[in-house]
Every structure is written in C-alpha cells, then in structure tokens.
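Trainee: Okay, handing you the structure first.
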Amino acid sequence: MAAEQAILTGILARKEAAEHDVEALVREHSRLVFKIAYAAVRNSHDAEDIAQEVFLRVLRNQKHLAEVLDPRAWLARITWNVVTDRRRAYRATEDLENVAEPSSAAPSPECAAERQEMSRVVERMIAALPAELREPLVLSAIEEMAGVQVAEVLGIPESAVRSRVFRARQILKEKLAAYVGT
C-alpha cells in the first residue's frame, strides 16, 4: 500500500513539474513563437492560431522537455513545422477548390495607423523577398537567432543561412536606396 502511494505521488509530482515547465515555456517564449509565425503568415489572427498549435504540440510532447537543450530553437522549429503543415493544408484545399490565395502582405489598417512610413516600406520589402531569403533574414536579424539555430530551424546548412541573409540584405539595401532616391 505504501509503495503504491509512493508511486502515485511520484507520478503526480512529475506531471505537475512537466506542466510547470510548459507554463514557463509559454511565459518565456510566447512572443518569439508569435513573431516567427507572424513573419511567416503576415496575419495576426493566423499567427495566434499557429502559436496556440505550437504550445498544444509542446503540451502533447511534454515528456520530451527534459531532452531539449535549446528551448528557443526547439520552439522555433516547432513553429516552422506548424507553419509548413498549414501551408501544405492550405495548398491542398486550394488545389481542391481552385481558389486564388488572397494577398496578406499589406499591413492591416490598425498597423498602418501605428507604424511610421519607413517601417511600413521596410516591412513590405521584407515581405516581398522570396521565402528562401526572407525566412533566414527574419530569424537571424529580427528574431536575433544565431546562424546555427536558424540552420537547425530551417533544416539547411549554416553556410546557406549566411549566404541567404547576405543576399536578402543586399536586395533590401538596393531597394531602399532606390526608394529614398525617388
């Protein structure tokens, strides 16, 4: 009887500790997850849905939390996986319905009222970059992730991250120079 009670107490203690760990992850990294999702989908409602899905996946896999060495990179990778899953699902639905994807690159009216003109221009320029250049740029420059972490999140070599970030910055530099010159 005492052994069963000890086992039950141990199980409950581990469950409470795991729930506390998930809660701490949400508190500490929810902003990062939202920002990465928003950078990918350019829509705050979809980014919120993605963030919720990320933390649901974390909750479902909380038994693996002890194995995570870098929670920031791990959550970023989960976020990109959720974004990728949603894109695949959307494309499949689009193929079935043959519906054109609406443009979501323009900022919402609320954001337009709050942002300065130059930040809107830069945001549009970043959004116009090809995904293979935009994603590493956002993760490294805006989210301040190390090249190794970006490489892990995107599943590409670190040298490709550096090259893509360099090319993205060069394109932005040229576009900004042309914009300021007009």
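Trainee: For the residue pair Glu132 and Asn43, what label-to-label distance in nm results when each label sits 7 Å from Cα along the Cα-to-beta-carbon direction?
Mentor: If labels sit at Glu132 and Asn43, their model points lie 2.6 nm apart.
Trainee: What distance in nm separates the simple spin-label points at Arg120 and Ala177, each placed 7 Å from Cα in the Cβ direction?
Mentor: Label-label distance for Arg120 and Ala177, simple model: 2.6 nm.
Trainee: Just grab the label-to-label distance for Gln170 and Glu28, each label 7 Å out from Cα along the Cβ direction, in nm (one decimal).
Mentor: Going by the 7 Å Cα→Cβ label model, 3.8 nm.
Trainee: Which of Asp21, Asp85 comes first, and how do the rest follow, when ranked by fewest Cβ neighbours within 10 Å?
Mentor: Working: Asp21 16, Asp85 12.
Result, fewest neighbours first: Asp85, Asp21.
Only the coordinates and a few stated rules stand behind these numbers; no lab work does. This structure is a prediction, so every number in the text was calculated from the model and none was measured. All Cβ positions, glycine included, derive from the backbone under ideal geometry; neighbour counts span all protein chains shown.
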